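Heads up, the thing below is written out as structure tokens.
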Amino acid sequence: PAMKKRVLFLCTGSSARSLIAEALLQNKAGAFFDVFSAGTAPAGVDSRTLEAIRQFGLPIEGLRSKSISEFAGQRFDYVITLCDKARQECGSFPDAGEIIAWDFEDPKSRSGLKPFQLTLKELNDRINMFVLIQSKA
């Protein structure tokens with residue numbers, strides 16, 4: 001099999017969006033991608049993130065809030081930013097083959113579990129599209 005492509009999802013806090021994206025892509029296409037997530041200012045994992053992922057039926061083992069500095073000097077085929085702030089701060093990620101900017105509202109800005117489930121659903125749709133495009137490439 002071909003080398004796996006390396007994908008890094010970035011948001012500001014590494015507490016919701018990037019972790020959800022990591023769990024989704026890992027589950028959907030872990031055979032084709034090595035998937036990582038990080039934040040520009042990691043804030044710890046929001047418990048609602050794990051609850052939404054678990055309710056969706058995905059494993060949450062190993063998901064943790066990480067700083068982008070953990071990945072300094074590593075090469076990624078794709079760096080996908082999930083908010084404008086991350087895009088501004090990491091728009092010139094030196095070791096990225098391609099930087100893709102997606103913009104998803106931070107679910108933490110709203111109360112309850114529903115925003116997290118909505119973010120998961122929207123990311124799931126976008127990641128399905130990403131996988132589809134990649135599998136054709």
Exercise. Treat each spin label as a single point 7 Å out from the Cα along the C-beta direction, and report the VAL131 to GLU98 distance in nm.
Key: 1.7
Exercise. Using Cα pairs closer than 8 Å and at least 6 residues apart in sequence, work out the relative contact order for the chain, in percent.
Key: 28
Self-check item: Simple label model, 7 Å out from Cα along Cβ direction - GLN88 to ASP34, nm
Solution: 3.2
Quiz item: Considering only protein heavy atoms and a 1.4 Å probe, what is the carbon-and-sulfur percentage of the accessible area of the chain?
Solution: 54
Practice problem: Pop a pseudo-label 7 angstrom from the Cα along the beta-carbon direction at both LYS4 and GLN74 and give the gap in nm to one decimal. | Solution: 1.1
Exercise. Quote the relative contact order of segment 55-121 in percent (integer), defining contacts as alpha-carbon pairs under 8 Å separated by 6+ residues.
Key: 26
Practice problem: Check each of the GluC sites (Glu not before Pro) in segment 18-73 and keep only those in coil by DSSP with at most 12 other C-beta atoms within 10 angstrom; list them in order. | Solution: GLU61
Quiz item: Is it possible to state the helix-based mean residue ellipticity at 222 nm for the chain, with each DSSP H run of 4+ residues giving -39500 (n - 2.57), the sum divided by total residues, to the nearest 500 deg cm²/dmol? What is it?
Solution: -12000 deg cm²/dmol
Quiz item: Accessible area per residue of the chain at 1.4 Å probe, in Å²?
Solution: 51
Exercise. Output the DSSP H helices from the chain with an along-axis C-alpha extent of no less than 15 Å and a mean Kyte-Doolittle hydropathy no less than 0.0.
Key: 17-29
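The values are calculated or read from the model by the stated rules, or taken from the named source; none is laboratory data. Source: prediction; values computed, not measured. Counting neighbours? That spans all protein chains shown, and the Cβs are built from the backbone with ideal geometry, glycine included. Only protein heavy atoms, including side chains, enter the accessible area calculation; ligands, DNA and RNA are left aside. Shrake-Rupley method; radii C 1.70, N 1.55, O 1.52, S 1.80 Å.
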